[in-house]
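Every number in this text was worked out from the coordinates using simple rules, so none of it is lab data. All figures in this text were calculated on a predicted structure; none of them were measured in a lab. Quick reminder, even Gly has a Cβ in these numbers, built from the backbone with ideal geometry, and neighbours come from all protein chains shown.
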Amino acid sequence: MKESSSNSYNFFSMIDKIVDANIISHAYIIQVNNYAEDFLLIKNFVKLLLCKEKKKYNDLLSCNKCNLCSLVDLNNYPDLCIIEPDGKDIKKQQLLSLQKEFQNKSMFDNKRIYILKEADKLNEFAANAILKFLEEPSDNIIAILVTVNRYKLPETILSRCQVLNINSIINDVLYNDEIINLIKFICDGESLFINYNYIYESILFDKIAARDKLKIIEKIFIEYLTFKNNDEIGKILLTVSNDIIIRFILIIERYLKMLEYNVNYKLWLDSFFASLLGGEIDV
């Protein structure tokens with residue numbers, strides 16, 4: 001299999017799992033190799049999110065036959081907005097126009113999606129405008145920021161998006177002993193509270209550490225469901241069912257969103273652990 005074909009397969013496998021498990025985020029950053037070639041994959045992601053037929057066709061993740069899919073292919077779907085740099089950068093007015101347009105009701109009673117091509121070319125004012133849009137997500141509005149280098153995006157934007165990488169998904173996660181230990185504790189359940197002080201003092205010691213490490217764990221869980229890798233973490237995750245892993249992902253998603261608000265961190269952590277164990281307490 002050629003490298004580009006392998007990358008396409010990995011990307012399709014990943015997004016298929018995301019949609020099938022209903023863990024769709026309100027915002028994605030997709031790192032690409034080539035805008036022209038990889039944008040076709042992104043449009044198939046859009047069709048997967050929108051298509052109501054939910055049937056695979058020729059290894060694509062949409063029916064590729066209905067009127068909706070055809071409109072996306074022709075760039076005529078009214079609830080899909082694609083923004084490209086105006087000259088050297090993406091300008092604030094382009095984002096303000098987008099926000100005004102998306103205040104209207106969907107013509108198809110479906111998700112509304114906007115794509116920022118070359119998102120790393122957001123100027124300072126445009127970045128602030130899109131940040132406000134990401135901080136206050138509306139139901140059924142999905143952002144897709146496309147870039148060849150996600151690290152050129154401001155950290156404030158990067159932290160609010162789920163990252164997908166067309167180039168190499170499975171090798172994109174770096175983890176250390178802290179991450180491995182935390183996954184062990186999560187899968188074992190009761191170990192969370194047995195090792196509470198260690199986790200609180202050494203691993204999830206503040207909101208920033210919790211956000212960064214839980215995003216890594218979420219991605220590891222998603223990639224395990226996709227590839228069933230047999231590394232050290234894969235062997236740990238074999239001890240629990242796929243349904244439990246999906247439940248962990250949904251809980252992590254929910255509690256990461258809570259961290260964006262002014263919550264008491266200690267109460268947040270207690271509630272997070274209780275939720276993982278099947279019970280919940282108020283934050």
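Segment residue 267..residue 20, full-extension length gain: 85.7 nm, with 0.36 nm per residue of separation and the alpha-carbon distance subtracted. Here the average projected area of the convex hull drawn through the C-alpha atoms of the stretch 79-238 stands at 11.6 nm². Take the alpha carbon gyration tensor of the stretch 105-151, find the square roots of its eigenvalues, order them as a ≥ b ≥ c, and report rounded if a/c is under 1.5; if not, report prolate when a/b exceeds b/c, else oblate. Prolate. Normalised by the number of residues in the stretch 73-168, the average gap of Cα pairs under 8 Å and 6 or more apart makes the relative contact order 30 percent.
How big is D, in µm² s⁻¹, for the stretch 188-249 by Stokes-Einstein at 4 °C and 1.567 mPa s if Rh is the Kirkwood radius over C-alpha pairs?
My calculation gives 102 µm²/s for D.
Once C-alpha pairs closer than 8 Å and six or more residues apart are averaged by separation and normalised to the residue number of the stretch 3-165, the relative contact order reads 33 percent. Treating each Cα of the stretch 3-165 as an identical point scatterer and ignoring solvent, apply the Debye formula and state log10 I(q)/I(0) at q = 0.10, 0.11, 0.15 Å⁻¹. Once normalised to I(0) and log-transformed, intensities are -0.34, -0.42, -0.80. Counting other Cβ atoms within 10 Å as a rough exposure proxy, the listed residues 112, 150 run 150, 112 from fewest neighbours to most.
If each residue's Cβ is checked for other Cβ atoms within 10 Å, how do 84, 223, 155 rank with the fewest at the top?
Listed from fewest to most nearby Cβ atoms, that is 155, 84, 223.
Under the simplified labelling scheme, the residue 74-residue 93 pair shows an inter-label distance of 3.1 nm, with each label point 7 Å from Cα along Cα→Cβ. Our helix-only sum for the chain, with -39,500 (n - 2.57) per DSSP H run of n ≥ 4 divided by its residues, gives a mean residue ellipticity at 222 nm of -15000 deg cm²/dmol. Counting only DSSP beta bridges with both residues in the stretch 3-165, the antiparallel share comes to about 10 percent. For the chain, what are the per-bin percents of Cα-Cα distances with bins 10 Å wide, up to the bin holding the maximum? Reading upward from the zero bin: 6, 27, 34, 24, 9, 1. Please compare each pair in 213/235; 47/105; 52/213; 17/91 to a cut-off of 23 Å on the Cα-Cα distance and tell me which ones are over it. Distance filter (> 23 Å) returns 52/213; 17/91. What is the chain's relative contact order, in percent, from Cα pairs under 8 angstrom and six or more apart in sequence? Answer for the chain is 21 percent.
Multiply the residue separation of residue 241 and residue 258 by 0.36 nm, subtract the distance between their alpha-carbon atoms, and state the gained length in nm to one decimal.
Answer, rounded to one decimal: 3.5 nm.
Charges were assigned to the Cβ only: +1 to each Lys and Arg, -1 to each Asp and Glu. The resulting dipole of the chain about its Cα centre is roughly 780 debye. When you count the other C-beta atoms within 10 angstrom of each residue and take the mean per peptide, 208-216, 259-267 line up highest first as 208-216, 259-267.
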